[in-house]
Structures are given as structure tokens and as C-alpha cells.
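Written below as C-alpha cells is the structure these notes are about.
The values are calculated or read from the model by the stated rules, or taken from the named source; none is laboratory data. Small disclaimer: the values here were computed from a predicted structure and weren't measured. Positions of Cβ are generated from backbone atoms using ideal geometry, with glycine treated the same way; all protein chains shown enter the neighbour counts.
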């Protein structure tokens, strides 16, 4: 600010003294408020960095799904074609080249009309995030993000760390809670805070334990929350255990093969989210689903929740929150 005052054009233009004093006083006031400006700028930097981070995530996701996206020519052919049988053939030709083993409940090719991608196995469209999520488990409002292939391990660690924190709070407050209960400590202002803190810690501990136990069961079965409610459909029909390859291998698909890094918040998950080992690997190895002439395009508004009794059901995005 001093450098700006010394080089201000008003100094060299012969401006009146009063006008110069007003200029100086105003800039001195700005210099005294520089701390506030720095705080505001630091906040804006954090917001900008957060936006850049989410942009990088979106670009990374688009890169991962690039091989499943329709090319410009295929997209143009598909949109310009009005005959359903020809549209079906376009999707079938593309799907035969991809490692896709699941289909919609109606027997359709799982195609997302919004993202213009043939959905990989276990991939779903989230209406909140407005994008397809690899191995989507659910959209979590607590973290304002989808839980899926890229961050499911971090979600489990988040639950486990939160449980440990609740245990720590409850154990440190418990002695004072018991003393207040038996009347060994006088009734003061701290009593309400101790009781409230103990109640909140126990309440969150119980709720988080239920949620964490449920997800541990899902990991052992190699299912997502969506798959627990709607079984994935293979060429042989719906199968909730289609991706279940044993407890040890199921856990390794989430936490990685190095056990020393299981409790460390670093990405250790194998694979790319496009393909997952199947329970009946030999029967599905040649991808017979894509040669099935009964397949049809899935009309996707953002979900895969088709009912079993309908031939062509408009999709509705499924969101399962904690």
C-alpha cells in the first residue's frame, strides 16, 4: 500500500492538499483493513481451490468413462435414427466391444442418455451429482458426494474414525456423568453440558455402529447398497451374489492387497472401476449377454430402477442415504 501511495498519479498532478489528504487517509484506512482483505482473499482462494478440485474429479471421471462413451459419429447416428430396431443395433455393436456383463431389469443395454455412455457393470447415474458414478453405492448427504469406486474405502474409514471419536468422547465424559448422577458433584452450569455431550456421543455411536456394521456386511458379500435392494441382472437372471468371490477377495477389492494400508486414508483399491471379477467367471467370460437378441436399449433418465414386470420402464434415479 505504501508503494501505491508514493506512485499515485495525484501526487504528480498538483492536486489540492485537501484532496491529497483525503486520498492518503482513504489508503491508510485500506492498509489498516488489509488483514480483513487477506482473510477474505484466503477464503476466496479456498473456494477456488475447491472448485478446481471438483473440476479435476469430473475430468478424471470422464477420462475413466471415455471408452464407454459414444463417439461423435455413433452419437450422431443414434440421435438421428428414428427406428428403434436400428437404435438397438447401434448400441449392440458398441456394447460387444466392451467388458459388460450386466443388463437392466427389462433386459436392456444399460445406456445413460444424459451422459451418453454405455454403463459399465455396477455403474449408475446420480441425479444429484448429474453424472454416472462407477460402482455407485449411494449418494451421501453428510459428505455431499456420491460414494462409489473411488472413495468407498474413505467412506468406511470415515465411519470407523467417527465411531472411535464417539467412544473417546463418551469414555472421557463418563466419569463426570456418573458423578453427577450419584450427586457427588454440585449442580452447576457444567452439568447440562456433560449430560448433552454424553447423550450426543452415545446416540451417534449407536447410529454409526449400525451403519458401519451394515457396510461391513456389504463388503463381505461384495454388494453395493443399490445392489442390496435391486440385484444385478446377468444372462442367467438376477443374482445378488454375482460379484461375490469370497470374503478375502471381496475385502481386497475395497481395501487393497496390502493390509498395512487398510486403515490408512490412501487409495489402494485395485482395478479401474470398469470390470469386476464374477462368481461364475467361466460362464460369463465370453460375454454372451451382448449377443442376446432380446436385449433392448434402456431409457435412462438417471437410474436403473426398472420393475420386473414391465417391458420398458422409464428409469428413476435411486438415492439411498444413510
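Quick one: would you say residue 266 is within 20 Å of residue 157 (Cβ to Cβ), surrounded by fewer than 19 Cβ atoms within 10 Å (Cβ to Cβ) and in contact with a helix residue (DSSP H, G or I) (Cβ under 7 Å, 6 or more places away or on another chain)?
no
Checking residue 207 against (1) out of contact with any helix residue (DSSP H, G or I) (no Cβ under 9 Å at 6 or more places or on another chain); (2) modelled with pLDDT under 95, only one condition comes out false. Which one?
Of (1) out of contact with any helix residue (DSSP H, G or I) (no Cβ under 9 Å at 6 or more places or on another chain); (2) modelled with pLDDT under 95, only one is false for residue 207: (2).
Would you confirm, using the coordinates I've provided, whether residue 294 is surrounded by 11 or more Cβ atoms within 10 Å (Cβ to Cβ), within 27 Å of residue 115 (Cα to Cα) and modelled with pLDDT under 90?
Spelling it out, it is not the case that residue 294 is surrounded by 11 or more Cβ atoms within 10 Å (Cβ to Cβ), within 27 Å of residue 115 (Cα to Cα) and modelled with pLDDT under 90.
Which of (1) touching a residue at least 40 places away in the same chain (Cβ under 8 Å); (2) more than 29 Å from residue 73 (Cβ to Cβ); (3) out of contact with any helix residue (DSSP H, G or I) (no Cβ under 9 Å at 6 or more places or on another chain) does residue 152 not meet, given it meets every other one?
(3)
Out of 306, 322, report the one residue that is over 23 Å from residue 68 (Cα atoms) and at pLDDT below 90.
Just one listed residue meets the conditions, 322.
Of all residues in region 85-107, which are more than 28 Å from the chain's Cα centre (by Cα), in contact (Cβ under 8 Å) with a residue 60 or more places away in the chain and in a helix (DSSP H, G or I)?
Answer for region 85-107, where residues must be more than 28 Å from the chain's Cα centre (by Cα), in contact (Cβ under 8 Å) with a residue 60 or more places away in the chain and in a helix (DSSP H, G or I): 87, 88, 92.
Anything in region 136-169 that is in a loop (DSSP other than H, G, I, E, B) and farther than 17 Å from residue 256 by Cβ? List them, or say none.
Scanning region 136-169 gives 136, 137, 141, 142, 143, 144.
Give just the number: which of (1) in contact with a helix residue (DSSP H, G or I) (Cβ under 9 Å, 6 or more places away or on another chain); (2) at pLDDT below 95 does residue 175 not satisfy?
Answer for residue 175: the failing condition is (1).
Can you tell me which residue is farthest from residue 258 (Cα to Cα) among those in region 170-186 that are surrounded by 17 or more Cβ atoms within 10 Å (Cβ to Cβ) and in contact (Cβ under 8 Å) with a residue 24 or more places away in the chain?
Checking each candidate, the answer is 173.
Before we move on, is residue 299 under 23 Å from residue 109 (Cβ atoms), part of a helix (DSSP H, G or I), out of contact with any strand residue (DSSP E or B) (no Cβ under 7 Å at 6 or more places or on another chain) and at pLDDT below 90?
no
Which condition does residue 78 not pass, out of (1) surrounded by fewer than 22 Cβ atoms within 10 Å (Cβ to Cβ); (2) in contact (Cβ under 8 Å) with a residue 24 or more places away in the chain; (3) in contact with a helix residue (DSSP H, G or I) (Cβ under 6 Å, 6 or more places away or on another chain), if it passes all the others?
Failing condition for residue 78: (2).
One residue is enough: does region 111-127 have a residue meeting the conditions in a strand (DSSP E or B), under 30 Å from residue 264 (Cβ atoms), at pLDDT 75 or above and touching a helix residue (DSSP H, G or I) at 6+ places or on another chain (Cβ under 8 Å)?
Yes.
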